[in-house]
Amino acid sequence: MADAERIALVTGGGSGIGKEIARALAAAGWQVVVSGRRVEVIEAAARAIGADHQGRVTAIPADVGDPGSVDALFEAIRRRFGRLDLLVNNAGIGAPPVPMEEITFAQWTAIVGANLTGAFLCTQQAMRLMKAQVPRGGRIINNGSISATTPRPHSAPYTATKHAITGLTKSTALDGRAFDIACGQIDIGNAETEMTARMQTGVLQANGTVAAEPVMPVRHVGEAVVQMASLPLDVNILTMTIMATGMPLVGRG
């Protein structure tokens, strides 16, 4: 297929990492759908990115934690484009950095819904579409975060969902294998966005101290996703970790 015919969906694509992934894919020639709950945010992102890349970005609102909303999102993609070649499960939220026993059930449920259930529902719909379309197949890339392997203090709900994303990634890679559907995961550490601004002023470390941490330009995350997405479907990057070199991930905390 020609580059202009490749269709990508980026959830949580209106800001931060998702917006940068959408920008990088559009620059690489993909037709990109950005989705999120806030209509004005995803529409602004689509206009900004599309202005630089020949209008190759479409905004379709959806709440990934709502099965009906996800159904409508994928039906809109099917009607407009007829297929989907790439799903980037990026949508997610965090929890207040408080001790585990202070997390409310409502907070836990919201995080699981956005981070894990949302990724599952979108994957389920993508699998159905990718199996049925001609040519068959596609790729799914999950945003795992480095919390998929290593937690920060006071991050139990977020860390639990991201560990679960790793299981979803491996199950999707296995179940999609026979249908030319590849699935991989990108684990991101300290990409510079509004959400990580606090890293440069000081965050709680595993030893109880508070320390500033280095960050990296978020554009490198978009470039990495394009690399993963550009591979032929008989090649898969199952897991990739991209991080600020100096962040305190490797070693003993």
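In this structure, the amide hydrogen of Ile181, modeled 1.01 Å from its nitrogen in the peptide plane, lies closer than 5 angstrom to those of Gly138, counting only residues at least 5 positions away or on a different chain. Against the chain, whose longest principal axis is taken from its Cα atoms, helix 219-229 shows a tilt of about 50°. In the range 211-253, inverting the average of 1/r over every pair of distinct C-alpha atoms gives 12.4 Å as the Kirkwood radius. Give the distance, in whole Å, between the Cα centre of the range 186-200 and the Cα centre of the range 2-60. Here the two parts' Cα centres lie 20 Å apart. Using only Cα positions of the range 69-186, each an equal point scatterer, no hydration layer, compute I(q)/I(0) via Debye at q = 0.09, 0.10, 0.13 Å⁻¹ and quote the log10 values to two decimals. So the normalised log intensities work out to -0.27, -0.33, -0.53. A simple rule links phi to the HN-Hα coupling: the Karplus curve 6.51 cos²θ - 1.76 cosθ + 1.60 with θ = phi - 60°, which for the range 128-136 gives 4, 5, 5, 5, 8, 6, 10, x, 6 Hz, with x for Gly and Pro. Scanning residues 5 or more positions from Ile93 or on other chains, those with amide H under 5 Å from its amide H are Asn115, with H placed 1.01 Å from N in the peptide plane. How would the range 46-96 be classified by its alpha-carbon gyration tensor: rounded, prolate or oblate, with rounded meaning a/c under 1.5 and the a/b versus b/c comparison settling the rest? Oblate. Rounded to the nearest 10 degrees, the inclination of helix 156-176 to the longest alpha-carbon principal axis of the chain is 30 degrees. Using equal-weight Cα scatterers in the Debye expression, the normalised intensity of the range 1-95 in log10 at q = 0.23, 0.25 Å⁻¹ is -1.16, -1.36.
Computed from the Kirkwood radius of its Cα pairs, the Stokes-Einstein diffusion coefficient for the range 109-253 at 4 °C and 1.567 mPa s stands at 79 µm²/s.
The charge dipole of the range 154-253, taken about its Cα centre with unit charges on the Cβ atoms of Lys, Arg (+1), Asp and Glu (-1) only, comes to about 280 debye. Take every DSSP beta bridge whose two residues both sit in the chain; close to 5 percent of them are antiparallel. For the chain, a Kirkwood radius taken over Cα pairs fed into Stokes-Einstein (10 °C, viscosity 1.306 mPa s) yields D = 87 µm²/s. Each of Ser35, Ser171, Ser69 has some number of other Cβ atoms within 10 Å of its Cβ, and from fewest to most they run Ser171, Ser69, Ser35. Helix 67-81 and the longest principal axis of the C-alpha atoms of the chain enclose an angle of approximately 40°.
The numbers here are math on the coordinates, done by the rules we state, and not lab data. As the structure is a prediction and not an experimental result, all values here were calculated from the model. Using ideal geometry, Cβ is built from the backbone for each residue, glycine included, and neighbour counts are taken over all protein chains shown.
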